[in-house]
Amino acid sequence: MELTGAEIVCESLLKEGVEVIFGLPGGAVLPFYGALSGYPQLRHILVRHEQAAAMAADGYARATGKVGVCTATSGPGATNLATGIAGAMMDSVPMVAITGQVPRPAIGRDSFQETDITGITLPITKHNMLVLNVEDVAPAVKEAFHIARTGRPGPVLLDIPKDVLVGERWPFIWPDKVNLPGYNPPGEADAVQVSQACELINQAQRPVILAGHGILISHAYAELKELAEKAQIPVITTLLGIGSFPTGHLLHAGMPGMHGMAYASLAIDNADLLISLGMRFDDRVTGRLSDFAPNAKVVHVDVDPSEFHKNVRATVPVLGELKQVLGQMLPQVERKTHLDWLQHIDTLRAEHPSLHIRQTDELLPQYVLRQLSDITEGNAIIVTGVGQHQMWAAQHYAYKEPNTLLTSGGLGAMGFEVPAALGAKVGRPDKAVWSIAGDGGFQMTMCDLATAVENNIDVKFAILNNGTLGMVRQWQDFFYDKDYFATVYSGNPDFIKLAEAYGIPGIRVTDKTQVATSIRQAMATPGPVVLDFIVKQDEQVYPMIPAGESVNEMMEEPIPQRVM
Amino acid sequence: MNGNGNHHTIIALVQDKPGVLTRVAGLFRRRGFNISSLAVGNSEQPGLSRMTFVVDGDQYTVDQATKQLDKLIDVVKVANISDEEIVSRELALIKVKVTPATRGEILEMVHPFRAEIVDVGAQSMVIEVTGSGDKIQALYGLLEPFGVLELMRTGRVAMVRGQAEGRVSDDLIINYHGDGLKVNEAYEVGSY
């Protein structure tokens, strides 16, 4: 039977096992929507802004490990997706974005709602395609999903002109395999590289594992745990690697870098070997490169060879898929105790208790997150944007499971938390999902509260409301002579009334004593809830290694009185 | 002349698809590279084209760009052949002013370059010359005093010498271990 291009897209999505699509229709993509309404197996979630469609697809993908799908129309619809796509690119998230394009004869004529979205997204997609013939639709969808989910995952955009979606018909033939001669993601690593890496691990006196997002992507938690326990190596998890190793584990040594735990950054500084697994030495991790891990050799395992020596020179680069590579390495890694080294790290931890919250009657944002962690027992999915709330969420929540901190890491996009939490809850209805926002980020995407209401997506939206762009203000405080220009939000709405306007409960918390009860109350309330925590304004994230500096310039919390 | 200084010759086997040139060029642009020469044409395999780039940049940046190039889905193979034994050629068309008095002199001058006269007019002639960039530059230098009206040059095309086993350029896979960095030496990022 011959189908339209739009129907072929739907059939292809079914073949790829797609369950949900986040999107917002418009003229050029309308034929796809016309077909989609006939495919109830493909759940469509209508958003209020296309950026939310891309970010929801991202949150869905991070929470489930499946490919997130979003769709938008040509022109502004497509460009609104761009921030969400860029975030997926930076954080290696599998995503397929489908955009309608103006009909082929209209392309290149500056037609209404025409933008060159494949051109625009060239540097922020793993790959993109302008599909110019109906017979190319099915192979293009198959290729898009294959590229998005394999190797180092990333977003793929398919731009399909309106007349390809609806003009002609073609038999739906699902290809057996993809034809991509230029794309061969690595699997097992070279045996020589593996044995060289293991030799360094066996010789090391002061090794640390830097576990990154790659562990989560390749589902290598069991292998990571086995490696750490067998050779008694402390595990430092990067921001995106949080959840790859249980926070409470004796060998867990925190998060490194700009706002990481001091003992983690100091452990890297003292280490003689970094075992870097699926991480990319972001500048927020390394600080000044010439002072980073000055005494360490580096074993760098990654699926993307362009990461080797990009920022930090690897003594032994190991190219391969992480789970398989760890499987190859484990038999060659010797049992060790590293007693002196682990004791040294314990001493660092005791001397630099980065995560203590000081005793005060004021409502501290850190306290809110610690309470949330305790009450949810570390079992919720926490979704954040970027800024102070993000760092406190990374520091003070005790993540137990993989894929439970979803955060805009590489791109650092404010507003990610609201739509990404929606996507996460749609993908993991069994988990409690909390969107943690600042009042700044929340206002970037709060229009999609409507999406939560409309689809009854049970996300708890916590706002750590300090009335400012907190992290920017912190930089002004530290580095710009306390010139708080353009960071005060004096016209914030009443978020409780806003919640009421959307027909959902809102809880305002102004006092420390109300925190636990409000969290419990929200959890006991089915459906979305907004929690407006009015937190202390000038609370800073510590420790802090200023951008471009090293662990030697680390600033720790100046208040001497610390209580558990 | 290859592998000297910051000059790098990179060849790529790419899928013959729309946009592939933009993707490749965009990669170099994003890293602030100047492509000093570029040549593209069909390969011996249907559906695949070969590109030859000459780019300027330090070893670190070229290594990064080559690896990034290899990541592009439409790029099948990439090799930095700067340090290899290669054959490389460029072609130039030079339109030079002539008068009855200078015509003979120019013809004589062109001869040792094994260049050909491909068009003759009353007041100009077009010379076609093939060879290395240096050779073309040398001939241009000699013709310049007569008045060059127009110069058109192709990019360089390059091929690894066959040697005994008749190897082809694509056999040179990029070296994932090459780094171009000394220990603890990398571009320092600023404070941002």
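Observations on the model:
- Scanning region B:15-41 for residues that are within 12 Å of chain A (Cβ to nearest Cβ) and in a loop (DSSP other than H, G, I, E, B) yields B:ASP16, B:LYS17, B:PRO18, B:GLY19, B:ARG31.
- Qualifying positions in region A:95-116 - away from every other protein chain (no Cβ under 12 Å) and under 23 Å from B:VAL24 (Cα atoms): A:MET95, A:VAL96, A:ALA97, A:GLY108, A:THR115
- Boolean, A:HIS49 is under 20 Å from A:GLU114 (Cα atoms) and not hydroxyl-bearing (Ser, Thr, Tyr): yes
- Any chance A:VAL208 is touching a residue at least 12 places away in the same chain (Cβ under 8 Å) and in a strand (DSSP E or B): yes
- Contacts under 6 angstrom Cβ, first residue in region A:119-147 being at the interface with chain B (Cβ under 10 Å from one of its Cβ atoms), partner in a helix (DSSP H, G or I) and aliphatic (A, V, I, L, M), 6 or more apart: A:LYS126/A:ILE147; A:HIS127/A:ILE147; A:MET129/A:ALA140
- Inside region A:226-243, residues that are out of contact with any Phe, Trp or Tyr (no Cβ under 6 Å at 6 or more places or on another chain) and either buried (at least 19 other Cβ atoms within 10 Å of the Cβ) or not in a helix (DSSP H, G or I) (or both) make up a count of 11.
- Residue pairs meeting the criteria (Cβ under 6 Å; at least 6 apart or on separate chains; first at the interface with chain A (Cβ under 9 Å from one of its Cβ atoms) and in contact (Cβ under 8 Å) with a residue 12 or more places away in the chain, in region B:62-91; second surrounded by 19 or more Cβ atoms within 10 Å (Cβ to Cβ) and basic (Lys, Arg)): B:LEU72/B:ARG23
- Some residue of region A:513-536 being on the phi > 0 side of the Ramachandran plot, surrounded by fewer than 21 Cβ atoms within 10 Å (Cβ to Cβ) and modelled with pLDDT under 95: no
- Residue count for region A:310-330 under the criterion of being in a loop (DSSP other than H, G, I, E, B) and within 14 Å of chain B (Cβ to nearest Cβ): the result is 7.
- Looking across A:GLU50, A:GLU19, one residue alone is farther than 22 Å from A:GLY409 by Cβ, of a type in the set (D, E, K, R) and free of Cβ contacts under 8 Å to residues at least 60 places away in the same chain. It is A:GLU19.
- Qualifying residue in region A:341-361 (condition: more than 23 Å from A:ILE209 (Cβ to Cβ), basic (Lys, Arg), surrounded by fewer than 24 Cβ atoms within 10 Å (Cβ to Cβ) and touching a residue at least 40 places away in the same chain (Cβ under 8 Å)): yes
- Residue identified as surrounded by fewer than 24 Cβ atoms within 10 Å (Cβ to Cβ) and outside the structural domain of A:SER265 (by TED's automatic domain parsing) among A:LYS400, A:LYS425: A:LYS400
- Scanning region A:355-396 for residues that are part of a loop (DSSP other than H, G, I, E, B), over 19 Å from A:PHE245 (Cα atoms) and more than 17 Å from the chain's Cα centre (by Cα) turns up A:HIS356, A:ILE357, A:ARG358, A:GLN359, A:THR360, A:ASP361, A:GLU362, A:LEU363, A:LEU364.
- Checked against (1) buried (at least 18 other Cβ atoms within 10 Å of the Cβ); (2) more than 19 Å from the chain's Cα centre (by Cα); (3) more than 14 Å from every other protein chain (Cβ to nearest Cβ), B:ALA122 passes all but condition (1).
The values are calculated or read from the model by the stated rules, or taken from the named source; none is laboratory data. None of the values given here were measured: they were computed from a predicted structure. We place every Cβ from the backbone using ideal geometry, glycine too, and count neighbours over all the protein chains shown.
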